[in-house]
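The values are calculated or read from the model by the stated rules, or taken from the named source; none is laboratory data. Model, not experiment: these values are computed from the prediction. Because the Cβ atoms are built from the backbone with ideal geometry, glycine has one as well, and the counts that use them run over all protein chains shown.
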Amino acid sequence: MHVIVGGNGPLGKRYCEMEEEHEILILDKKIESKVTYSQLSLDVLNDEQLEELDISGYSKIVRLTFFLGVNYSKSFFEVTNEEWDKMFDLNVSSVFKCIKKLYPYFSNDVSIVLCGSQNGVVGHENRMGYGESKAALIHLAKNLTVEFSKLNYKDVRINVVSPSYILTEKSQKFLEESMEGKILQNRIPNKKFISVDEVVSVMMFLHSAASKGIRGQNIVVDNGYTIV
């Protein structure tokens, strides 16, 4: 089974459309109607809900994907302590807690893919808390890779995909029409924003048998944004 945490957003929905190999279970605070996959309501920031989560009635987990993140897009002088804490709670701590909770449901061969951000790799104005939390997420994958490598009864690999600015229905107007969007676009070598499919395709590759040797890595999908 493929469990997707936070899977009812644009990336998660597209992944569900492209997933052909495994049964899907979405864990999300928001439940969608008229979908063909299984869903359970879960607020990952609610420790009581997480503790009560029981998926023993489903198949063992072979794939686990996370689409979790909050970004207030504020400077050092603007971001509040509460917002800082919320970004770390959702972007990092909830991922750690979910993996720990779901571990008993793992099969003997599991691939985990986390959704990071290019802001976890390079500095950026007005990303206080977000960049730091995504950098911590990237390092979480490294440490978990070392931890899981000690197991002699399970093969658990974990990687991160860190997208640049993704062109979605929600972001299109800002990215293509605003002055800030045009400035960001000009920073990209080929002047193209990333599509949802480009991000999901890399995640699917990391889940595939072809990427067995890739462990604890952060794959940046950014059309070259972070290299210049």
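General observations
- Taken together, VAL62, VAL70 contain a single residue that is within 26 Å of VAL202 (Cβ to Cβ), β-branched (Val, Ile, Thr) and in a strand (DSSP E or B), which is VAL62.
- Qualifying positions in the range 122-139 - at negative phi and not in a helix (DSSP H, G or I): VAL122, GLY123, HIS124, GLU125, ARG127, MET128
- Residue among ASP85, ASP28 that alone is crowded, with 17+ Cβ neighbours inside 10 Å and farther than 15 Å from MET203 by Cβ: ASP28
- Listed by position, the strands (runs of 3 or more DSSP E) enclosed by the range 1-42 that each have at least 3 residues that are under 17 Å from ILE99 (Cβ atoms) and at pLDDT 95 or above are 2-5, 24-28.
- Considered as a group, the residues in the range 183-195 that are buried (at least 18 other Cβ atoms within 10 Å of the Cβ) and among the β-branched types (Val, Ile, Thr) include one that is farthest from the chain's Cα centre (by Cα), and that residue is ILE188.
Matching residues to (1) in contact (Cβ under 8 Å) with a residue 24 or more places away in the chain; (2) part of a loop (DSSP other than H, G, I, E, B); (3) charged (D, E, K, R); (4) touching a helix residue (DSSP H, G or I) at 6+ places or on another chain (Cβ under 8 Å):
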| position | (1), (2), (3), (4) |
| --- | --- |
| ALA141 | yes, no, no, no |
| VAL146 | yes, no, no, no |
| VAL156 | yes, no, no, yes |
| MET203 | yes, no, no, yes |
| ASN223 | yes, yes, no, no |
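- Filtering the range 148-182 to residues that are farther than 30 Å from VAL110 by Cα and exposed (fewer than 15 other Cβ atoms within 10 Å of the Cβ) leaves GLU169, LYS170, SER171, GLN172, LYS173, PHE174, GLU176, GLU177, SER178, MET179, GLU180, LYS182.
- PHE193 meets the conditions (1) among the hydrophobic types (A, V, I, L, M, F, W, C); (2) in contact (Cβ under 8 Å) with a residue 60 or more places away in the chain; (3) in contact with a Ser or Thr (Cβ under 8 Å, 6 or more places away or on another chain) in every case but one. The failed one is (2).
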